[in-house]
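This report refers to the structure that appears directly beneath it.
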Amino acid sequence: SARDLGVIVTENLSWTQHINHISNKGRQMAAWTLSVFRDRSTATMLTLYKSMVRSVLEYCCPLWDPNKKQDIHTLESVQRTYTSKISAVKHLNYWERLKALKLQSLQRRRERYIIINIWKILQGISPNDLNIEFHYNIRTGIKCKIPKLTSPNSRHQTLYDNSFAVKGPKLWNVLPCYLTTITEIHPF
């Protein structure tokens, strides 16, 4: 494996090692904040979580967005544990806690970041190094062409289907027409 700009890449392109690493870092940061700050009020806990813990778990996430259930669970468990320490909502189950705290699951946030990156490519804010093609249709709005893999090996197909070049266009294409045609960042 090799570490590049804080992301661990393995020779088989599995993100499990990276996810385990950042999950451990997130747990350590959560434990540190819980040991240093005694206040368990919602405002304090959310501020600490968003700035100190969640930022570790989401760094560069459009690149390494996991597709294995175990990896998703590993990441989500950090948020699940941390939110259970908030006094006002500790009696609720995880999904009710998220709703009460006005938080999204980490999986949903990663999908959002991928969609935002596709929008930035469309608007020319980010480079289109992957040559993602966009097509406009008056009825469906702007859609992405989902590229095909030239060598249909099952292992390569799985890696390719879970890459940003394929996952991003798939998520973009399920957006409603009115969202795909927005050209300003704040309304989007």
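Per-structure values
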{"item": "Carbon and sulfur %, accessible surface of the chain computed with the full protein complex present, 1.4 Å", "result": "56 percent"}
{"item": "For region 173-188, Karplus couplings with θ = phi - 60° (6.51, -1.76, 1.60), whole Hz, Gly/Pro x", "result": "5, 8, 5, x, 3, 5, 7, 6, 9, 6, 10, 9, 5, 5, x, 5"}
{"item": "Sum of -39500 (n - 2.57) over DSSP H runs of 4+, divided by residues of the chain (222 nm, nearest 500)", "result": "-15500 deg cm²/dmol"}
{"item": "Within region 14-74: Cβ-based charge dipole about Cα centre, in debye rounded to nearest 20 (Lys, Arg +1; Asp, Glu -1)", "result": "160 debye"}
{"item": "Length-normalised contact order of the chain in % [C-alpha pairs under 8 Å, at least 6 apart]", "result": "16 percent"}
{"item": "HN-Hα J in Hz across region 110-118 - Karplus 6.51, -1.76, 1.60, θ = phi - 60°, x for Gly and Pro", "result": "5, 4, 4, 5, 4, 4, 4, 5, 5"}
{"item": "Ordering of 24-32, 110-118 by burial proxy (mean other Cβ atoms within 10 Å per residue, highest first)", "result": "110-118, 24-32"}
{"item": "Peptides 6-13, 47-54 ordered by average Cβ neighbours within 10 Å, highest first", "result": "47-54, 6-13"}
{"item": "Whole-number accessible area per residue in Å² for region 57-188, which is evaluated in the context of all protein chains at 1.4 Å", "result": "59 Å²"}
{"item": "At R0 = 45 Å, FRET efficiency that the Cβ-Cβ distance of Q28 and R139 yields, to 0.05", "result": "0.35"}
{"item": "Label of the coordinate-derived value, volume of the Cα convex hull per residue in Å³, listed as (i) 146; (ii) 137; (iii) 110", "result": "(i)"}
{"item": "Packing rank of 135-146, 171-182, where each peptide gets the mean count of other beta carbons within 10 Å, highest leading", "result": "171-182, 135-146"}
{"item": "Cβ-placed point charges (K, R +1; D, E -1), dipole of the chain about Cα centre in debye, nearest 20", "result": "640 debye"}
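The values are calculated or read from the model by the stated rules, or taken from the named source; none is laboratory data. What you see is a predicted model, and the numbers here were worked out from it, not measured in a lab. Neighbour counts run over all protein chains shown; Cβ positions are idealised from the backbone, glycine included. For the accessible areas, the whole protein counts, side chains as well, though only heavy atoms, and no ligand, DNA or RNA atoms are used. Shrake-Rupley method; radii C 1.70, N 1.55, O 1.52, S 1.80 Å.
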